[in-house]
Amino acid sequence: MAVSIEKMGKPAVAITTNKFIEVARTRAKKSGMPNARLVFVPHPVSGKTAAQHLAMVAGKDPATGNPVTQEIVDALSKPLTAEDQKTGFVESKPVPRLIAPETPENLMRIFQASGWTDYLPIVLPTEQKVSDMLKGTSHSPDEVVGKMASGPFEPWQFTVEKVAVNAVMAGAKPDYFPTILAIASSGISSLSNSPDSLVGAVVVNGPVREEIGMNFEIGAMGPFSHATATIGRAWTLISKNLGNAGIVGETYTGSQGNSLNFNNIVIAENEARSPWTPLSVQKGFKPGESVVSIFGGLGIQPGQGAKRGGATGKPAFDQQFSSILDAFTGYFGALIVCDPLVAKGLKAQGYDTKQKLSDWLQKNTQITVADYKEESFVGQFDAPRANKGIEPYASWFQLPASSRIPRFAAASDIDIVVTGGETLAVFQAGNLKYVTSVAVDKWR
């Protein structure tokens, strides 16, 4: 980007589409470089042919009306002025720790007008309520939990007390606070700046699920648990208020938005009814540890109930999974959420471990090389890897267009969890990629 290169004293130019004029200018300004050299081309870029891209570059900048090519040449050839070489960041106006006394109705209006809510009613974070929330952890209120940002924006640093304020606003109880702190400490925002309207997901394992009353049986992923609902909502509020995210047109550019962003996807794994190892143990934690695992991606969709199974009479869930994953983009991986009945059926099919199922799905969920190369993420991420000789991308790029390759580069891109109340053999599948896991117990 121009912001980082120009700080090295060399002319540079950032090229983006005219849909993000204000985003680019605001980011440059907040980076202390209001005169960063920016050139704009028509939006959108995705879905266009090489000839159409060439025409964009050969045409005029929608923001200025000047030829794009000439603007690029000028930006790269003209010496930097003293103003151009300024560095540093523009400090945002600090938010006061306390707001002057007001009526509850006026305070609600202030919070909403300031962009501190999700536009649903909140629990007002009085000093007493925040103090009560802080009793849920042994950590000091002024201890730094971490930093968070939406995509490439400057990360904001935040403390235990600031997380407590947002937990109160979400309606959480002090018992939930260590889990919320663990999610916050991951540094992963549930609100992405991607135009794709991405969503966040968290899987919770270990004793904390039962201790705080999370639901992992009937209606596990629905609005039937106070803990599940408010933990997910707290993640959104933390992302907005502490993580430099969720400012529409600036740090949030999701074209259509996503209703899952209200309280995200929160899954407590039904470990007692699962025939497999919990997700947390797969990620390297010990059995009995309380852990949150973070995912991000395009969303989740329900699969079908058990089919008859053809001549065998046994439902072929592995093939049903593969059928749904065929519509996924490989970049975001997959998170399959099985009812315990499905998990037990899969074990009866011979999948006595999650790993065996992931291996089968990775090998049998395929795409042609031609279709693979048309995926929007391939040119940005996989093609450079192929050029460097990184496998399997290097080999894939050498195959004929009609050859079939795995949709997912590795079996580890496919994760499986179990939750639900065994009223029907159903599953859900999310085009969601695993990011990280964090121990809850360290935040008690």
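Computed over the chain with a Gaussian network model linking Cα atoms closer than 10 Å, the most mobile of GLN128, GLN355, GLN319 is GLN128.
Dipole magnitude for the chain: about 540 debye, using +1 per Lys or Arg Cβ and -1 per Asp or Glu Cβ, origin at the Cα centre. GNM remark for the chain: springs join alpha carbons under 10 Å apart, and the peak mean-square fluctuation among THR103, THR117, THR353 falls on THR103. Each of PRO152, SER186, SER437 was scored by the projection of its Cα onto the charge dipole of the chain, and the greatest displacement toward the positive side belongs to PRO152; charges sit on the C-beta of Lys, Arg, Asp and Glu.
When the chain is treated as a Gaussian network with alpha carbon springs shorter than 10 Å, the biggest mean-square fluctuation among PRO141, PRO275, PRO11 belongs to PRO11.
Near GLY213, once Lys and Arg are set to +1 and Asp and Glu to -1 for all other residues with Cβ below 14 Å from its Cβ, the sum equals -2.
DSSP bridge analysis restricted to the chain gives an antiparallel fraction near 65%, rounded to the nearest 5. Averaging Cα coordinates gives a centre for region 237-265 and one for region 126-195; these two points are 16 Å apart.
Partner aspartates and glutamates whose Cα lies under 18 Å from the Cα of LYS78, excluding those fewer than 8 positions away in the same chain, are identified as GLU6.
Look at the Cα gyration tensor of region 378-444: its axes a ≥ b ≥ c give a/c of at least 1.5 with a/b at or below b/c, and that counts as oblate.
Does the chain come out rounded, prolate or oblate by the C-alpha gyration tensor, with a ≥ b ≥ c the root eigenvalues, rounded set by a/c under 1.5 and, if not, prolate when a/b is larger than b/c and oblate if not? It comes out oblate by the Cα gyration axes.
Given the pairs LYS48/LYS433; LYS347/LYS433; LYS354/LYS433; LYS356/LYS442; LYS162/LYS286; LYS135/LYS240, which are separated by over 22 angstrom at their Cα positions? Don't jump to the answer; show the numbers that get you there.
Values: LYS48/LYS433 27 Å; LYS347/LYS433 24 Å; LYS354/LYS433 16 Å; LYS356/LYS442 32 Å; LYS162/LYS286 30 Å; LYS135/LYS240 24 Å.
Among LYS48/LYS433; LYS347/LYS433; LYS354/LYS433; LYS356/LYS442; LYS162/LYS286; LYS135/LYS240, the Cα-Cα distance tops 22 Å for LYS48/LYS433; LYS347/LYS433; LYS356/LYS442; LYS162/LYS286; LYS135/LYS240.
Laboratory data are not the source of any read-out in this text; all were calculated from the coordinates shown. Fair warning: this is a prediction, and the values are worked out from it, not measured in the lab. Every residue, glycine as well, gets a Cβ built from its backbone with ideal geometry; the counts of neighbours run over all protein chains shown.
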